[in-house]
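Coordinate-derived values only; no laboratory data. Small disclaimer: the values here were computed from a predicted structure and weren't measured. Cβ sites come from the backbone with ideal geometry, for glycine too, and all protein chains shown count toward neighbours.
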Amino acid sequence: MEPLPFKQLVKTRFNNLSAGQKKVANYLIENIETAVFKTAFQIGQQASVSETTVIRLSYALGFQGFSQMQEHIQQQMLAQNQTAAAADTSQSADKHVFTKVIENQVDILRNLLDSANIEEIWKAVEVLIKADQILIAGQRISHAAAYWFSYMLSTIRGQVNLCSTSDGFFEKFCNLTEDSVVVVFSFPRYSNETIKMAECAVEHGITLISITDRLLSPVGRLSNIVLTTEENAETGTNSIASVISLLDLVMEGIQQKDKTRILAYQQKLEQLYTTFDVFNE
């Protein structure tokens, strides 16, 4: 049977390692290309453990000693490099396919810095800061970006809700005021549910921000503020990368303009995270 790759081997036995051995294992995985040529003493220094702990890790992983573990890693790295070299040769003719995708994304991201786009982004920033409540919606292909934005906004301010028509949109919408904001995400193929939500906001005089692919998309034509990516106009496919980049600009603008309130909110949030042990850090 072919031996497990080093990283996989560590994963299978990680829970049974001592605290010191875990530190060594993490160090080796994170610095494998350089650590593999160091002595046990040098690795111990870098991982802040003793040389003995490094050697004991090799035993715990099933090797006869540090030298055998090191040789195992070196052989696997050599095999990976040979495989990568062969893949580069065989796939060089196909690289232009991926290059075209990347270059298209780069062009889209450059367009975000157009002066008209920047002006709309700052308008959105001001409105989102002043809003007493923010209701976010996105259906089907647009839902992932809507979820990301709602989560990120909820880490810097309160009263942010994500919903759909099947998840109480109208019940949540009923609680909005003239100072509230509805944000809809709508990318091809455009969801009729999202368009109805946008129409509802317009009919009730609620400020509407749309995140969409073009200014004159169905929701774009209805909105007070339209943030566009003009994404993948050539291919007709949808990529979330440019959408998230656009939202990153909005988030950065909010954090620059509302630092004091955000700091107070995040301090309170971090206390809750700590109290309820939310993250494994």
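May I ask you to sort K123, K100 by Cβ crowding, counting other Cβ atoms within 10 Å and putting the fewest first? Before the final figure, lay out the partial values.
Numbers: K123 16, K100 12.
Ranking K123, K100 by Cβ neighbours within 10 Å, fewest first, gives K100, K123.
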Cα point-scatterer Debye curve for the stretch 112-275, base-10 log of I(q)/I(0) at q = 0.12 Å⁻¹
-0.50
What is the order of F187, F6, fewest Cβ neighbours within 10 Å to most?
F6, F187
Which FRET efficiency, nearest 0.05, do E103 and R189 yield, Cβ-Cβ r, R0 25 Å?
0.50
Approximate spin-label separation N26-T155, in nm, with each point projected 7 Å along Cα-to-Cβ
2.0 nm
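Classify the stretch 107-158 from the C-alpha gyration tensor, please: rounded if a/c falls under 1.5, else prolate or oblate depending on whether a/b exceeds b/c. Please list the in-between numbers first.
Working: a/c = 2.34, a/b = 1.24, b/c = 1.89.
Since a/c reaches 1.5 but b/c is at least a/b, the shape of the stretch 107-158 is classed as oblate.
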Taking only Cα atoms, what is the 0 to 90° angle, nearest 10, from helix 66-91's long axis to the longest principal axis of the chain?
50 degrees
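In a shell of Cβ-Cβ distance under 11 Å around I43, excluding I43 itself, what net charge do Lys and Arg (+1) and Asp and Glu (-1) give?
Numbers: positive: K23, K38; negative: E51.
So the surrounding residues net to +1.
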So which of K100/K123; K130/K172; K172/K257; K196/K257 end up more than 23 Å apart by C-alpha?
K100/K123; K172/K257; K196/K257
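Kindly state, to the nearest 0.05, the FRET efficiency for R13 paired with V278, given R0 = 25 Å and r defined as their beta-carbon distance.
On the way: r = 28 Å, r/R0 = 1.11.
Once the sixth-power term is evaluated, E becomes 0.35.
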Note, M77: beta-carbon cut-off 13 Å, +1 each Lys/Arg, -1 each Asp/Glu, net -1
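Given 4 °C and 1.567 mPa s, compute D for the chain with the Stokes-Einstein relation, Rh being the Kirkwood radius over Cα pairs; round to the nearest whole µm²/s. Kindly include the intermediate steps, with their values, before the conclusion.
Numbers: Rh = 22.9 Å.
After rounding, the answer is 57 µm²/s.
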Take the alpha carbon atoms of the stretch 6-92, find their radius of gyration, then divide it by 2.2 N^0.38 Å using N residues; give the quotient.
1.17
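Using the alpha carbon gyration tensor of the stretch 102-193, what are the three equivalent-ellipsoid semi-axes (square root of 5 times each eigenvalue), largest first, in whole Å? Display every interim value, and only then the final one.
Values: eigenvalues 122, 66, 26 Å².
Semi-axes from the Cα gyration tensor: 25, 18, 11 Å.
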As I understand it, the dipole of the chain uses +1 on the Cβ of Lys and Arg and -1 on the Cβ of Asp and Glu, about the Cα centre. Which of V226, N104, S150 lies farthest toward its positive end?
S150
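Would you mind classifying the stretch 149-196 by shape? Square roots of the alpha carbon gyration tensor eigenvalues, ordered a ≥ b ≥ c; an a/c under 1.5 is rounded, otherwise it is prolate if a/b is larger than b/c and oblate if not.
On the way: a/c = 1.97, a/b = 1.32, b/c = 1.50.
Verdict is oblate for the stretch 149-196.
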Over the chain, what relative contact order in percent results from Cα pairs under 8 Å that are six or more residues apart?
14 percent
Net charge near E30, counting Lys/Arg +1 and Asp/Glu -1 over other residues with Cβ under 13 Å of its Cβ?
+2
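What percent do you get for the relative contact order of the stretch 112-275 when only Cα pairs under 8 Å and 6+ apart count?
Details: 246 pairs, mean separation 39.9, N = 164.
Here the relative contact order equals 24 percent.
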For the stretch 138-152, take each phi angle, set θ = phi - 60°, evaluate the Karplus expression 6.51 cos²θ - 1.76 cosθ + 1.60, and give the result in whole Hz per residue in order, putting x for glycine and proline.
x, 10, 6, 5, 8, 5, 4, 5, 4, 5, 4, 5, 5, 5, 5
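Using Cα pairs closer than 8 Å and at least 6 residues apart in sequence, work out the relative contact order for the stretch 6-92, in percent. Walk me through the numbers before you get to the answer.
Details: 61 pairs, mean separation 22.8, N = 87.
That works out to 26 percent.
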Between the stretch 158-220 and the stretch 1-33, how many Å separate their Cα centres?
48 Å
